[in-house]
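Below is one structure, written out as structure tokens; comments come after it.
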Amino acid sequence: MQDCIFCKIATKEIPADIVHENEQVLVFRDAKPAAPVHLLIIPKRHIPALSELSEEDSGLMGQVHLAAVRVARELGLVEQGFRLVSNCGRNAGQMVMHIHYHLLSGRSFQWP
């Protein structure tokens with residue numbers, strides 16, 4: 001998707017502070033963090049929203065979740081805890097139409 005900022009980050013057209021990368025997933029620091037640790041986790045393949053996932057995407061989304069856990073372990077966040085959030089659709093707060101998760105940690109969170 002040529003206008004998608006996350007696709008441009010995944011292809012290195014736009015720089016990002018990358019924390020983890022493999023063939024399918026990219027993890028990078030949020031430019032406007034909402035917590036002391038605020039990472040974005042994206043599949044490199046463009047999928048606009050969670051509501052557009054299909055059965056064929058199950059392996060890819062498993063890799064996204066495994067990357068989240070791997071990075072949380074590497075950064076020592078597991079013991080203190082972390083929040084993994086994904087918004088689906090503009091009314092839910094999704095600002096970039098490319099599936100992504102926010103991994104937040106480093107402070108106490110309240111619900112919601």
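The values are calculated or read from the model by the stated rules, or taken from the named source; none is laboratory data. The structure displayed is predicted, hence computed values, not measured ones. So basically every Cβ, Gly included, is an ideal-geometry build from the backbone, and we count neighbours across all protein chains shown. The area values use the complete protein model at the heavy-atom level, side chains included, leaving out ligands, DNA and RNA. Shrake-Rupley method; radii C 1.70, N 1.55, O 1.52, S 1.80 Å.
At-a-glance table
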quantity: Filter pass, V37 being open to solvent by 10 Å² or more (accessible area, probe 1.4 Å), touching a Gly at 6+ places or on another chain (Cβ under 8 Å) and over 13 Å from H98 (Cα atoms); calculated: yes
quantity: Conditions (1) over 16 Å from the mean Cα position of the chain (by Cα); (2) open to solvent by less than 40 Å² (accessible area, probe 1.4 Å); number of the one not met by R107; calculated: (2)
quantity: Residue match in the stretch 87-94 (condition: among the aliphatic types (A, V, I, L, M), in a helix (DSSP H, G or I) and out of contact with any Asp or Glu (no Cβ under 6 Å at 6 or more places or on another chain)); calculated: yes
quantity: Residue in the stretch 6-17 that is at pLDDT 95 or above, within 15 Å of the chain's Cα centre (by Cα), closer than 18 Å to C88 by Cα and not basic (K, R) present; calculated: yes
quantity: Boolean, A72 is in contact with a Gly (Cβ under 6 Å, 6 or more places away or on another chain) and surrounded by 15 or more Cβ atoms within 10 Å (Cβ to Cβ); calculated: no
quantity: Qualifying residue in the stretch 49-67 (condition: open to solvent by 20 Å² or more (accessible area, probe 1.4 Å) and not in a helix (DSSP H, G or I)); calculated: yes
quantity: For R70: the one exception among (1) of a type in the set (D, E, K, R); (2) free of Cβ contacts under 8 Å to residues at least 12 places away in the same chain; (3) in contact with a His (Cβ under 9 Å, 6 or more places away or on another chain); calculated: (2)
quantity: Those residues of the stretch 83-97 which are out of contact with any strand residue (DSSP E or B) (no Cβ under 8 Å at 6 or more places or on another chain), of a type in the set (S, T, N, Q) and either touching a residue at least 60 places away in the same chain (Cβ under 8 Å) or surrounded by 11 or more Cβ atoms within 10 Å (Cβ to Cβ) (or both), in sequence order; calculated: N87, Q94
